[in-house]
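All of the numbers you see were taken from the coordinates with simple rules; none came from a lab. Since this is a predicted model, take the numbers as computed values, not measurements. Every residue, glycine as well, gets a Cβ built from its backbone with ideal geometry; the counts of neighbours run over all protein chains shown.
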Amino acid sequence: MTITIPYRPRAQQSALHSLLGSHRFVVAVTHRRMGKTVMAVNHLLRSALTCRQKRPRFAYIAPTYRMGKATAWDFLKVYSRAVPGVEFNESELRADYPNGGQVRIYGGDDPDNLRGLYLDGAVLDEYGLHQADIFTTVIRPTLADRAGWALFLGTPNGKNQFYDIVQQAKSGLEGWAFAEYKVSQTGLLNASELASARAVMTQDEYDQEFECSFEAAVKGAIYAAELAAARASGRVAVVPRDPVLPVDTDWDLGVGDSTAIWFSQSIRSGEVRLVDYYEASGEGLPHYAQVLQRKGYTYGSHWAPFDIEVKELGSGRSRLETAASLGIRFKIAPKLAIEDGIHAARMLFPKCWFDETRCKQGLEALQHYRRDYNTRLNEFKTTTVHDWASHGADAFRYLAVRQKAPVEKKARAYPNILTTGDHGWMS
C-alpha cells in the first residue's frame, strides 16, 4: 500500500532526513522559521509507518508539555490524516497507526513520564531549554534495547547542554552527525524581512535567533553580567576543596520537580568557594541523605528555604522533621522577597569562586535564569521564569540571603589568586 504524505521538504529538511538515515544521533542548529518542527514531525511519522520492529514507538519531546502541544500536535495531526485508519488520542497527544506504530508528544518538564519506556526514535526539540541531563539520564536508556535514534534540534540560547552536545557531534564521535543552518546561508527568509527584524532586535538577539550564535547573551538573563565578570576574572576555574574548612549546603527543595544543592566553603575574608553542585528530580529526602554521605565531606550547616517547615497532609510531618530523622539538621534561610534575594545574590557574586567542573550544571542554571517577557508590552516582567534553571538559581539565592561572616576558628587565610591546576592557592 502506498501512502502519500502532503509534505514537500525543503533542501535543508531533506538534508536532515538523509543524515538521520546514515547516523544514529544527529544534532542540528537551526535559525528561526527554518522548518525544523515540521521536518521532525514528518520524520517521526514516516519512521512509525516503516519501522520493522513490533509496536514501534516514537516521541517528540518539547521542553514542556504545553510547548509540545502548541508547536507539534497540530502538525502531527495534519500530516497523519493522510494515513488511512489513523486514530488520535487528544488527551495523550498520541497518533496510533494501523501497523501498530505510534508517535506521541511529551514534555521534558515531566521526565518521570518518560522513564521505563522503550523508544525506536526521539526528537528533542529546543534542546537547550530542556533539563540539562534529560538525555543521559532519561532518554538515552529508552533507546538502548532497540538501538533507537535521536535528533537534537534547537536555536542557541547560551552555552548550555545544547552547546555541549553540538561539540560532541562535531568531535567525530562514531554514529554522530552535526548540521548548522544560518539564515545568511539558507536564503529561506528574504532580505526585507531580515532588515525588518534587525530594526527591532538587538544584535545579540538577531545573532542568536537567525545566525545561530552561542555567544549571544540569553535574553532576559538575570545574572549574565555577574557571570561574565566571574569568568573574565578567572573565578570560574579549578577550585580545590580545603579539607580543614567545613562544607555548607544550600538547598532548593522541589515538590514534584527538581531539588538543587550548592556545596560551599566560606573563609573569614567573605570569600565563598562553590566547590560542588548536585541536582536530581523525583527523589525523596532519603536519596539526598545518601548523596551527602557518598560525597564524604565534613559538613558545617545545611540551609533550606522557609517552606521546609510546612507539614505534609499525608504524613502530618514537615520535611524539616523528616530530614532530621535522616541526620540532616537544617537551618532556615531568611525569608526575603525574590527581588531582594536577587539583589543579595548579585552582591555576593564578586566574592564567589566556582569550580568549573563540579559546578557545571549549577553554572548553567545561573546562566539561564531569566525574567519572563511580556510580548504585548514588549518588555520584561518583574517575575522570573520557573523552568529547569530556576532550581539552581533559587538555591544560590538562598545561599546569598543567609550568608554571614564565617566563624570557623581553624579557617586558614588564602591569597585571592587561583591556579589553573590542582595545586591549591598561590601568592
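Quick one: helix 388-402 against the long Cα principal axis of the chain, what's the angle to the nearest 10°, folded into 0 to 90?
With both axes taken from Cα atoms, the answer is about 10 degrees.
So what's the angle, to the nearest 10 degrees on a 0 to 90 scale, between helix 338-348 and the longest Cα principal axis of the chain?
Long axis of 338-348 versus the principal axis of the chain: about 60 degrees.
With P(r) over Cα pairs in 10 Å bins from 0, in percent as the read-out, I listed (i) 4, 16, 18, 15, 13, 11, 9, 6, 3, 2, 1, 1, 0, 0, 0; (ii) 4, 19, 27, 24, 17, 8, 2, 0, 0; (iii) 5, 21, 32, 27, 12, 2, 0; which label goes with the value calculated from this structure?
Here the calculated entry is (ii).
Kindly put Ser318, Ser184, Ser192, Ser91 in sequence by how many other C-beta atoms sit within 10 Å of each C-beta, fewest to most.
On the way: Ser318 15, Ser184 11, Ser192 8, Ser91 5.
By the 10 Å Cβ count, ascending, the order reads Ser91, Ser192, Ser184, Ser318.
What is the angle, in °, between the Cα long axis of helix 191-200 and the longest principal axis of the Cα atoms in the chain? Nearest 10 is fine, range 0 to 90.
With rounding to tens, the tilt is 20 degrees.
Build a GNM of the chain with springs between Cα atoms under 10 Å: which of Leu227, Leu363, Leu336 gets the top mean-square fluctuation?
Judging by the Gaussian network model, the answer is Leu336.
Can you pull the one-decimal nm distance between simple spin-label points at Arg140 and Glu312, each 7 Å off the Cα toward Cβ?
Once both label points are built, they end up 3.0 nm from each other.
Charges only on Cβ, +1 for Lys and Arg, -1 for Asp and Glu: so what's the dipole of segment 224-402 about the Cα centre, in debye to the nearest 20? Could the numbers behind the result be given before it?
Values: 23 positive and 23 negative charges, 75 e Å.
My answer is approximately 360 debye.
Past 29 Å, Cα to Cα, is the threshold; run Lys77/Lys159; Lys170/Lys381; Lys311/Lys381; Lys36/Lys170 against it and keep the listed order. Could the numbers behind the result be given before it?
Details: Lys77/Lys159 34 Å; Lys170/Lys381 37 Å; Lys311/Lys381 32 Å; Lys36/Lys170 20 Å.
In this structure, Lys77/Lys159; Lys170/Lys381; Lys311/Lys381 exceed 29 Å between Cα atoms.
Report the label-to-label distance for Ala228 and Ile5 in nanometres (one decimal), using points 7 Å from each Cα along the Cα→Cβ vector.
About 4.2 nm, to one decimal.
Once every DSSP H run of n ≥ 4 in the chain is given -39500 (n - 2.57) and the sum is divided by its residues, what mean residue ellipticity at 222 nm do you get, rounded to the nearest 500 deg cm²/dmol? Kindly include the intermediate steps, with their values, before the conclusion.
Numbers: 15 runs with 136 residues, N = 427.
After summing the helix terms and dividing by the residues of the chain, the value is -9000 deg cm²/dmol.
Relative to the present Cα-Cα distance, how much length would full extension add between Ser184 and Lys69 at 0.36 nm per residue of separation?
Numbers: separation 115, 0.36 × 115 = 41.40 nm, distance 3.03 nm.
Once the chain is fully extended between Ser184 and Lys69, it gains 38.4 nm.
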